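Novice: Mind having a look at this structure? Questions to follow.
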Amino acid sequence: MTNAIEMRGVHHRLGTSFEIRDLTVNVPSGSIYGFLGPNGSGKTTTIRLMLGLLRRGKGSIQVLGRPIPADAARVLARTGYVPERPHLYDSFSIGEAIKYHGAFFRTWDARRAEELRVRFRLDAAARIGRLSKGETGKLMMLLALAQSPDLLVLDEPTDGLDPVVRRDVLTAVLDYVSQRDATVFISSHLVHELERICDWVGVMDDGRLVAEMPMQTFKSGIKRLRVADAPSLVSDTPFVLLAREPGDGLSGGEVWVVRGWQDPMKQYFEGVGARLREVVDLDLEEGFVELLRTFRTPDA
Amino acid sequence: MFDQIDPRSPTPLYDQIADRIRVAVAAGELRPGDPLPSVRRLAGRLRVNPATVVQAYRALEAEGFVEMRQGSGTFVLDIGANRRDAERHDQARDLVRDVLADAARLGLSAQDVLRALRLEIGTEAG
């Protein structure tokens, strides 16, 4: 499998307090890759680095098979980018903005632009400066999709949008990728939104990538276990023990948060004289929260 | 037919989609020759990755439930009455296993569940 985006050992310092450290990211071609992380974890900085909008320190970056920043212009011509903050001229009308934007791209699809404008119920005559947040979000997505990109990079594309608009915007992305091969890199802190559509996840925290794997592996691998009669010292667990804490008091026992879980590992508990009472599945959000919580506690 | 798709469930989405179609085929809700929705339409409707729908259709094809015809879509195959029966049996068994697992978590015995079931379907007086 080839990768649409490859970042290797990338460093970048932003001011004195924040840096991206030894960042390695692999986004498989054709995937919908969800880039998760709390606010301020470095998601936007990573995106700006991969598009050559910021200069990296150490490391190497390849996007669509070309080196960044050397070939950034060619890569950007094939990349639809929806930045966190829109860059549109307030005095343009929607129709003018579409025309203006289209003039920059050889791959511009004027028919798709018009289809999306109608589907998004955007009035061609409306001034950009007077658009609602939802209308602006839809226009940004329209501009990125009409460019017929091989890669879509979406930085919090639905942040602050109401649920109806969010749905319209995401459906347009899914519709696009079901018609042609394209890779989608989508950053969000709205975890549930990504759970439906992504097949890969990367998790950022404090300038580092703390996990990167297929969505299903991520979701099925992190569990909460209810364990009774656990020995005070445990070693050689077949799974990664992320956290261990007292149970709710009603049932006694302990709660373990584990990573890399598979069902046959149940046998481990008999071997150490403990009883596994329950295996609780975590959804993406809970898994994400547990992962970050334990990652931030070095002793866990 | 796809109302119960739950992205938060640990069962992979493609499996949930395939399962809904298996149930519909076994129940005769989908008949031989019926077309499945296009990948694009179903992905849009469920708001899932189109690749997930393709994965579901491929799994169903491998099991002999459907046939993917290049360029014209995906169609339900005739799996025969015996296999339909076997499928219904499997689906009922899976349902019972889920119920028993839930019951165990609540501290209910198989007898408790059986009794409630009989009461519900009216074969035992309350």
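Novice: What list of ³J(HN,Hα) couplings, whole Hz, do you get for segment A:108-116 from phi and the Karplus terms 6.51, -1.76, 1.60, once you set θ to phi - 60° and write x for glycine and proline?
Specialist: 4, 10, 5, 5, 5, 4, 5, 4, 5
Novice: Quick check: residue separation of A:Tyr268 and A:Arg121 times 0.36 nm, minus the Cα distance between them. What number comes out in nm? Write down the numbers at each step before the final one.
Specialist: On the way: separation 147, 0.36 × 147 = 52.92 nm, distance 5.78 nm.
Gain on stretching A:Tyr268 to A:Arg121: 47.1 nm.
Novice: If packing is taken as the average count of other Cβ atoms within 10 Å, what order do A:289-296, A:138-145 fall into, highest mean first? Working shown, then result.
Specialist: Details: A:289-296: 16.6, A:138-145: 23.9.
Ranked from most to least packed, the peptides come out as A:138-145, A:289-296.
Novice: Continuing with this model, one more query. Using modelled backbone amide H atoms (1.01 Å from N, in-plane), which distant-in-sequence or interchain residues come within less than 5 Å of A:Ser148's amide H?
Specialist: Amide H to amide H, under 5 Å and 5 or more residues apart or across chains, A:Ser148 pairs with A:Asp109.
Novice: Dividing the convex hull volume of the Cα atoms of chain A by its residue count, what figure in Å³ per residue is obtained? Mind dumping the intermediate values first?
Specialist: Details: hull volume 47.5 nm³, N = 300.
Looking at chain A, the number lands at 158 Å³ per residue.
Novice: Here's another thing I want to ask about it. Starting from the coordinates of the alpha-carbon atoms of segment B:32-76, obtain the Kirkwood hydrodynamic radius over all distinct pairs and give the value in Å to one decimal.
Specialist: Details: mean 1/r = 0.0951 Å⁻¹.
Final number for the Kirkwood radius of segment B:32-76 is 10.5 Å.
Novice: So, one more: When you take every Cα atom in segment A:70-181, what is the radius of gyration, and what is Dmax, the widest Cα pair distance, in Å?
Specialist: 13.1, 40
Novice: Hey, what's the Cα Rg ratio for segment A:100-259 versus the globular rule of thumb, 2.2 N^0.38 Å? Provide the component values of the computation, followed by the final result.
Specialist: Details: Rg = 22.3 Å, N = 160, 2.2 N^0.38 = 15.1 Å.
That ratio works out to 1.47.
Novice: Mind putting a number on the dipole of the protein assembly as shown about its Cα centre? Charges go on the C-beta only, +1 for Lys and Arg and -1 for Asp and Glu, and I need it in Debye to the nearest 20.
Specialist: Values: 57 positive and 59 negative charges, 305 e Å.
Once rounded to the nearest 20, the dipole reads 1460 debye.
Novice: Taking the Cα centroid of segment B:89-113 and of segment B:24-49, what is the distance between the two, rounded to the nearest whole Å?
Specialist: Distance between centres, Cα-based: 29 Å.
Novice: If I model segment A:203-286 as equal point scatterers sitting on the Cα atoms and use the Debye formula, what is log10 I(q)/I(0) at q = 0.11, 0.12, 0.13 Å⁻¹?
Specialist: Summing over Cα pairs of segment A:203-286 leads to -0.32, -0.38, -0.44.
Novice: Can I ask one more? What are the ³J(HN,Hα) couplings of segment B:73-83, residue after residue, when phi is run through the Karplus curve with 6.51, -1.76, 1.60 and θ = phi - 60°? Round to Hz, x for glycine and proline.
Specialist: These are the phi-based 3J(HN,Hα) values: x, 10, 10, 6, 9, 7, 8, x, 5, 4, 5 Hz.
Novice: On to the next question. In a Gaussian network model over chain B where Cα atoms closer than 10 Å are linked, find which of B:Gly28, B:Gly71, B:Gly44 has the largest mean-square fluctuation.
Specialist: The residue with the greatest mean-square fluctuation here is B:Gly71.
Novice: Using only atoms on other chains, find how many Cβ atoms lie within 10 Å of each Cβ of peptide B:81-90 and report the average.
Specialist: Working: counts 0, 0, 0, 0, 0, 0, 0, 0, 0, 0.
Other-chain Cβ atoms within 10 Å of each residue's Cβ, averaged: 0.
Novice: Using each residue's phi in segment A:94-103, evaluate 6.51 cos²θ - 1.76 cosθ + 1.60 at θ = phi - 60° and report the 3J(HN,Hα) Karplus result to the nearest Hz, with x for Gly and Pro.
Specialist: Couplings: 4, x, 5, 4, 5, 4, 4, 4, x, 5 Hz.
Novice: Return the average number of partner chain Cβ atoms within 10 angstrom of each residue Cβ along peptide B:12-25.
Specialist: Values: counts 4, 7, 2, 1, 0, 0, 0, 0, 0, 0, 0, 0, 0, 0.
So the per-residue partner count for this stretch is 1.
Novice: If each of A:Phe18 and B:Ala104 carries a label point 7 Å out from its Cα toward its Cβ, how far apart are those two points in nm?
Specialist: 4.8
Novice: Moving to a separate point now. Check A:Gly37: other-chain or 5+ apart residues with amide H under 5 Å from its amide H, H built from backbone geometry?
Specialist: Under 5 Å from the amide H of A:Gly37 lie the amide H atoms of A:Ser188, A:Met204, each far enough along the sequence or on another chain.
Novice: Counting only other residues whose beta carbon sits under 12 Å from that of A:Leu14, what net charge do I get with K and R as +1, D and E as -1?
Specialist: Neighbourhood net charge equals +4.
Novice: Given segment A:1-116, what whole percent of its Cα pairs are spread farther than 25 Å?
Specialist: Numbers: 2204 of 6670 pairs.
Percent of Cα pairs beyond 25 Å in segment A:1-116: 33.
Novice: Give the shape of segment A:122-184 as rounded, prolate or oblate, defined through the alpha-carbon gyration tensor: a ≥ b ≥ c are the square roots of its eigenvalues, a/c under 1.5 means rounded, and otherwise the shape is prolate if a/b is larger than b/c and oblate if not. Can you show the working numbers first?
Specialist: On the way: a/c = 2.12, a/b = 1.59, b/c = 1.33.
Cα axes put segment A:122-184 in the prolate bin.
Novice: Here's something else I'd like to know. Between Rg and the Kirkwood Rh of chain B, both from Cα atoms, what is the Rg to Rh ratio? Intermediate values should be presented prior to the final figure.
Specialist: Details: Rg = 17.5 Å, Rh = 16.4 Å.
Using only Cα positions, Rg/Rh for chain B is 1.07.
Novice: What whole-number distance in Å separates the alpha-carbon centres of segment A:133-183 and segment A:213-282?
Specialist: Cα centroid of segment A:133-183 versus Cα centroid of segment A:213-282: 39 Å apart.
Computed from the coordinates by the stated procedures, all read-outs in this text should not be read as laboratory data. Quantities reported herein were computed from a predicted structural model and do not represent experimental measurements. Positions of Cβ are backbone-derived with ideal geometry, glycine not excepted, and every protein chain shown enters the neighbour counts.
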